[in-house]
Amino acid sequence: MKTVLPADLRLADFVRPGDRVMVAHSTAEPVTLLEQLVGQRAGYSGARVFMHVSFSGTVKAEHADALVIEGLGAVGTQRHLCKAGALDIIPSHLSDLAHLFESGELKIDVALVQVSPPDEHGRYSLGLVNDYQMEALRHARTVIAEQNDQVPFTYAEPFLTARDIHVIVPTSRPLIEVPSAPAGELENRIAAHAAPYIGDGAILQLGVGSIPEAITASLVDRRHRGFHTGVICDSYMAEDRLFKRPFPSPRYPALGSVGRNTAPVALESAFGCRLRSAGDLPGADGPAKIRLPMVPSTGYPLPSGPFHRSRKPSGAADPGGPGRRVA
């Protein structure tokens, strides 16, 4: 692994014309790398850029003069690309992506991700999103990571280490925020109708928007509730709803937990405005440690423990440098 400052990064050393570049999405977008990718696009004209969801607005329709921009739909700021006819929509379920990466049907050549600074064990965390990108990293020829010192270290196994990253680019910039829509009278009335059907011990899957926010706000008195969900938003993060209510949940030991005596949590992404650092999350037993295990909605579960990229058999050429394909 080598460290390169943003001003010195030459992506043409790693990206070839015709390559597919997977860019981490949503609140985990590596914005500095994405800015460089579109800014230097003439050096690898014809490359494909795959982004599931974007909220930064970095990629614009005019960048399709040299890049083929791919996604699953007109989500977030990608709706502008779709409206301009600059977005190639891949007809796939989110849950199929990991399998498509593994099979090579959707071959990933270069992966751009955002990571936290390493912990005392040299482990890097993917921060706010832990999903199909792990499978993309396993098969990418080159992994370039933006190490943003404002990314919280979340306990999203498996972790990355220096051997899994070819180039690391240090940055310090605010994280992308996805503010929740405020709940109005209609949303609160819907929540009032839904709440009686959600009892103690419920495991919840909730989406993004004002109605899920209102429903979550109506469940503060439920005991032993947990989350097995694709995203976690502001209402989940409110300290009196999730992190400081000491409701032990022995029924669901397989799910991760926030703190020692709080709700079980399994999720893929952290959206919203409240998450700043691991220390910002109060737990019943001190600062919370959020686990972001793979959940069924985003692909088959990956094994916990050390992360290992796919490699050639013993005796084959070292895959570390640009232009050398990892098996």
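Candidates are the residues of region 150-173 that are charged (D, E, K, R) and within 21 Å of Tyr132 (Cβ to Cβ); the one that is nearest to the chain's Cα centre (by Cα) is Glu157. Answer yes or no as to whether Ser116 is under 21 Å from Met134 (Cα atoms) and either in contact with an Asp or Glu (Cβ under 6 Å, 6 or more places away or on another chain) or open to solvent by less than 40 Å² (accessible area, probe 1.4 Å) (or both). Yes. When Glu185, Glu146 are checked against the criterion of being acidic (Asp, Glu) and within 22 Å of Val53 (Cα to Cα), a single residue qualifies: Glu146.
The lone criterion from (1) under 23 Å from Val4 (Cβ atoms); (2) modelled with pLDDT under 95; (3) under 14 Å from the mean Cα position of the chain (by Cα) left unmet by Val113 is number (2). Summed over region 12-31, residues that are assigned to a helix (DSSP H, G or I) and over 24 Å from Leu72 (Cβ atoms) total 2. Screening Ala98, Ala74, Ala64 for residues that are over 10 Å from Phe50 (Cβ atoms) and either touching a Ser or Thr at 6+ places or on another chain (Cβ under 7 Å) or in contact (Cβ under 8 Å) with a residue 60 or more places away in the chain (or both) leaves exactly one candidate, Ala98. Can you say whether Arg138 is farther than 23 Å from Arg20 by Cα, at pLDDT below 95, in contact with a Ser or Thr (Cβ under 7 Å, 6 or more places away or on another chain) and open to solvent by 10 Å² or more (accessible area, probe 1.4 Å), as far as the supplied structure shows? Answer is no for this residue.
Matching residues to (1) outside any loop (DSSP other than H, G, I, E, B); (2) open to solvent by 70 Å² or more (accessible area, probe 1.4 Å); (3) free of Cβ contacts under 8 Å to residues at least 60 places away in the same chain:
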position	(1), (2), (3)
Glu146	yes, no, no
Phe153	no, no, no
Arg163	yes, yes, no
Pro170	yes, no, no
Pro174	no, yes, yes
Pro179	no, yes, no
Pro182	no, yes, yes
Glu187	yes, no, yes
Ala194	yes, no, yes
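Would you point out the residue of region 67-110, among those that are among the hydroxyl-bearing types (Ser, Thr, Tyr) and outside any helix (DSSP H, G or I), that is modelled with the highest pLDDT? Give the steps one after another, and end with the answer.
Initially, region 67-110 is screened for residues among the hydroxyl-bearing types (Ser, Thr, Tyr), giving 77, 92, 95, 103.
Checking which are outside any helix (DSSP H, G or I) leaves us with 77, 92.
Working: Thr77: 83, Ser92: 88.
By that ranking, first place goes to Ser92.
The residue of region 59-110 that is least open to solvent (accessible area, probe 1.4 Å), among those that are hydroxyl-bearing (Ser, Thr, Tyr) and over 17 Å from the mean Cα position of the chain (by Cα), is Ser92. With respect to (1) among the aliphatic types (A, V, I, L, M); (2) over 26 Å from Tyr132 (Cα atoms); (3) at pLDDT below 80, the lone exception for Ile190 is condition (3). Of all residues in region 4-22, those that are closer than 21 Å to Glu105 by Cβ have Cβ atoms under 6 Å from Cβ atoms of residues that are open to solvent by 50 Å² or more (accessible area, probe 1.4 Å) and part of a strand (DSSP E or B), 6 or more apart or on another chain, in Arg20/Arg48. Number of residues in region 32-49 that are polar (S, T, N, Q) and assigned to a loop (DSSP other than H, G, I, E, B): the value is 2.
Within region 1-56, the residues that satisfy the criterion of being touching a strand residue (DSSP E or B) at 6+ places or on another chain (Cβ under 8 Å), open to solvent by 10 Å² or more (accessible area, probe 1.4 Å) and polar (S, T, N, Q) are Thr3, Thr32.
Only one of the numbered conditions (1) under 15 Å from Gln114 (Cβ atoms); (2) in contact with a Pro (Cβ under 9 Å, 6 or more places away or on another chain) is violated by Pro158, and that is (1).
The values are calculated or read from the model by the stated rules, or taken from the named source; none is laboratory data. These numbers were taken from a predicted model, which means no experiment stands behind them. Cβ coordinates were reconstructed from backbone atoms using ideal geometry, including for glycine residues, and neighbour counts include every protein chain displayed. Each accessible area value is taken on the protein alone, full model and side chains, heavy atoms only, with ligands, DNA and RNA left out. Shrake-Rupley method; radii C 1.70, N 1.55, O 1.52, S 1.80 Å.
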